[in-house]
Amino acid sequence: MTTAKTIEQYHGTGRRKTSIARVYLRPGKGKFTINDLPMNKYFDDHPGVEHLIKAPLKETHTTTKYDVLVRVKGGGPLGQAGAIRHGIARALLQANPAFRIPLKKSGYLTRDSRMKERKKYGQKKARKRFQFSKR
């Protein structure tokens, strides 16, 4: 009989616009993997995104305490970065409930509910109308 080795890990789901990120925190040295790529390769064209993503870890002083594994889909790079940040904050909360106060104070636990407004019929876009002519 073989016993399965269980890995201690914490899970958090983050959302932003149309992006959804599943974040797994595992005890480690601070390695970031997003969709099987290192973070600097995944966000190649957006260098400032790393600071945005690591903000909850810096707030709780756990930057080198956990390895972060992320599966993200939907949306664009900045929406995905916001979803990852939200997921990391939720996973940290699962790891240690005492992190709730600093994370909540910084606003990392709040889901940003702003979404794109739907297009309406009889209009060109959500609010833009077709050109009107009196004659």
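Go through 63, 18 for me and flag whichever is within 15 Å of residue 95 (Cα to Cα), surrounded by fewer than 15 Cβ atoms within 10 Å (Cβ to Cβ) and in contact with a helix residue (DSSP H, G or I) (Cβ under 9 Å, 6 or more places away or on another chain). Walk me through it before giving the result.
Values: 18 fails: within 15 Å of residue 95 (Cα to Cα).
Among 63, 18, only 63 is within 15 Å of residue 95 (Cα to Cα), surrounded by fewer than 15 Cβ atoms within 10 Å (Cβ to Cβ) and in contact with a helix residue (DSSP H, G or I) (Cβ under 9 Å, 6 or more places away or on another chain).
Taking the conditions (1) over 11 Å from residue 15 (Cα atoms); (2) part of a helix (DSSP H, G or I) in turn, residue 127 satisfies each one other than (2). Among the residues in region 54-65, are any touching a strand residue (DSSP E or B) at 6+ places or on another chain (Cβ under 8 Å) and either among the aromatic types (Phe, Trp, Tyr) or touching a residue at least 60 places away in the same chain (Cβ under 8 Å) (or both)? The answer is no, given that none of the residues of region 54-65 is touching a strand residue (DSSP E or B) at 6+ places or on another chain (Cβ under 8 Å) and either among the aromatic types (Phe, Trp, Tyr) or touching a residue at least 60 places away in the same chain (Cβ under 8 Å) (or both). Looking only at region 107-131, which residues are surrounded by 10 or more Cβ atoms within 10 Å (Cβ to Cβ), closer than 30 Å to residue 60 by Cβ and among the basic types (Lys, Arg)? Residue satisfying the conditions is 111 alone. Within region 80-103, the only residue that satisfies the criterion of being among the small types (Gly, Ala, Ser), more than 20 Å from residue 31 (Cβ to Cβ) and buried (at least 20 other Cβ atoms within 10 Å of the Cβ) is 82.
Since every read-out is calculated from the coordinates, none of them should be taken as a lab result. None of the values given here were measured: they were computed from a predicted structure. No Cβ is skipped: glycine too gets one built from the backbone with ideal geometry, and neighbour counts run over all protein chains shown.
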